[in-house]
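Input: a single structure, listed below in structure tokens.
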Amino acid sequence: MPYSVGLQAASAALLSAGLPVLFTTAIIVLLVIVTVTSSLQKDVADAPARLPIYSLFAIIPFFRRRFDFLNWGFEATGHSAFQFDLLRNKVIVVSGESARQVFFTAKGLDLTEGFKILSGAIPMVRGVTSDLQTKRISLIHKRLAAVQKNEQLSMLIPPMLEDSRRLMETWGNSGSFDPFDEIYELIFQLTVRSLSCAEISDDPCVVSRLKKLYDTLDVGTTPATVLLPWLPTPAMVKKLWATKEIYDIVVTAITARQQSGVSKNDTLQMLLDSGDEKLVVVGFIMGLLIAGARATGTTACWMLTFLGGHSDWREKAKAEVEGLLTSQYLSHNSPNDSLSSQLAAIPLETWETETPVLDSIIRETLRVAQPHTAMRRNLGPEMHIDGKLIPSGSYVVYPFSDVHLNPDIYHDPWKFDPNRQPETKSAYNYVGWGGGKTICLGQRLARVELKIVTALFLLGFRHSIVDGSGKFSPEPPLPNWNDILLCRPPEGSFRLRFERSGAVL
């Protein structure tokens, strides 16, 4: 009798608290059940070592402090591979040279499925940016390749330089800024210019709004929104609303172009002229805008930060660009022309083949400050990596820090040294642009963006690093690999101090 009375009292208390409490209680009970169920599962003999914690306690560290969490996992298990559960999702983390090679080449390991579940920061619209058929994914890849053909990419350089000039002019003649604000904003503008249309890229207000909406997706990507996307948390509601606004902005631009009947020389026109259905066009722009801006923006921010702390490499890069102008532009034109117009006259082939210093700086920046954790899902059949079972349906994770911050491969790995070479030779000792069957498909565009922004900045400004109090800092800050998007140090810990060189941008 007391037992039934206790249940009635508890039920009455919950009902009086209202639906939010009931809903929260149900979720907590569900999580506990899933956690207990997972802990009772028996692993087969060849399964990877299991983390010595309940799966519920792995969720927050995996999403909030991933670099530290994964390193702790290798230490806690004492193995090169380990597993844990994110609710009902089995996640296997691998490391080492042979595992790295299998990870990047195995046919059954699917990037799209892995990224969708374990990341979740891309705007998800079913049939537009998610749950795409293989044929549609291949079409999007084909169109991205078309954007980067010689003629199309050459055509993009002048307007991208003009965008860069316009934004840099707003900085004034001297001052300081956080590169993760100003440089990232600049790269976002260039990515919008490259991968969307004039209707969006020519309107600073629309570009600014788009960036804020994509930032909302990043901030709103929580463990709950990724693992429990059906749960109507405030973060999920904000993500859904931001996704709708992004969709509306892109669709409005496409409709305006179609109704105007005016053909323009941009990526949207290329997509429309190719006869792609509207959903393909929308998906291409929505998905690739943030994918391109985030990766390239991170690299650009860190490139200029590292150069601000390494004056020797800053001068080498500047001298290289000045050499290009001497050989490609000034011999036929006036040195009084703006820097952006001078740089725009340099052919694409020259940017790509005659800039070894910039190439080495980009490579080293990607190595030391690109906090990527590659994710795949094994679509089957079951397979083995280094003798450990990878069941069908499980997720496989490979942290780039395993190779790029490995002291056995890169001596003093945290040191920025564009001259360095790996201590050992292997096809997979560097994966800055991916590896095997998953190479970054937008890397040609990304390289050009990075080079022209760096070139204009180095010619137009002198810069150095200052700490949070504004005092000169001889060393750049340490990349924060726990920030899985930007590798950003603590906000306010440093800035780039700049002064105009006197040349006309």
**Study point:** Within the range 91-112, tally of residues that are open to solvent by 50 Å² or more (accessible area, probe 1.4 Å) and over 16 Å from ASN406 (Cβ atoms)
**Key:** 4
Revision key, fill the gap. Restricting attention to the range 402-434, the residues that are of a type outside the set (A, V, I, L, M, F, W, C) and buried (at least 20 other Cβ atoms within 10 Å of the Cβ) number exactly 5
Point to revise | Residue under evaluation SER493, criteria (1) in contact (Cβ under 8 Å) with a residue 24 or more places away in the chain; (2) open to solvent by 20 Å² or more (accessible area, probe 1.4 Å); (3) of a type in the set (Ser, Thr, Tyr); (4) out of contact with any Pro (no Cβ under 7 Å at 6 or more places or on another chain), criterion not met | key: (4)
Review point. How do the pairs read when you match residues in the range 459-485 that are touching a residue at least 24 places away in the same chain (Cβ under 8 Å) and among the acidic types (Asp, Glu) with residues anywhere that are in a strand (DSSP E or B) and surrounded by 16 or more Cβ atoms within 10 Å (Cβ to Cβ), using Cβ under 9 Å and keeping only pairs 6 or more apart or on different chains?
Key: ASP467/PHE494; ASP467/ARG495; GLU475/ILE465
Exercise for review: Inspect the range 66-79 for any residue being in contact with a His (Cβ under 8 Å, 6 or more places away or on another chain), modelled with pLDDT of 50 or more and in a loop (DSSP other than H, G, I, E, B) and give the result as yes or no.
Suggested key: no
Check your understanding: How many residues are in contact with a strand residue (DSSP E or B) (Cβ under 7 Å, 6 or more places away or on another chain) and either of a type in the set (S, T, N, Q) or assigned to a loop (DSSP other than H, G, I, E, B) (or both) when one looks only at the range 455-469?
Key -> 2
Exercise for review: Return the total of residues in the range 365-393 being charged (D, E, K, R) and farther than 16 Å from LEU86 by Cβ.
Suggested key: 4
Check your understanding: Which pairs have Cβ atoms under 8 Å, sit 6 or more apart or on different chains, and link a residue in the range 383-396 that is within 14 Å of VAL44 (Cβ to Cβ) to one that is open to solvent by 10 Å² or more (accessible area, probe 1.4 Å) and among the acidic types (Asp, Glu)?
Key -> HIS384/ASP46; GLY387/ASP46; LYS388/ASP46; LEU389/ASP46; LEU389/GLU382; ILE390/GLU382; PRO391/GLU382; SER392/GLU382
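The values are calculated or read from the model by the stated rules, or taken from the named source; none is laboratory data. Just so it is clear, the model here is predicted, and its values are computed rather than measured. Glycine also receives a Cβ, built like all others from the backbone with ideal geometry; neighbour counts cover every protein chain displayed. These area figures cover heavy atoms from the full protein model, side chains too; ligands, DNA and RNA do not enter into them. Shrake-Rupley method; radii C 1.70, N 1.55, O 1.52, S 1.80 Å.
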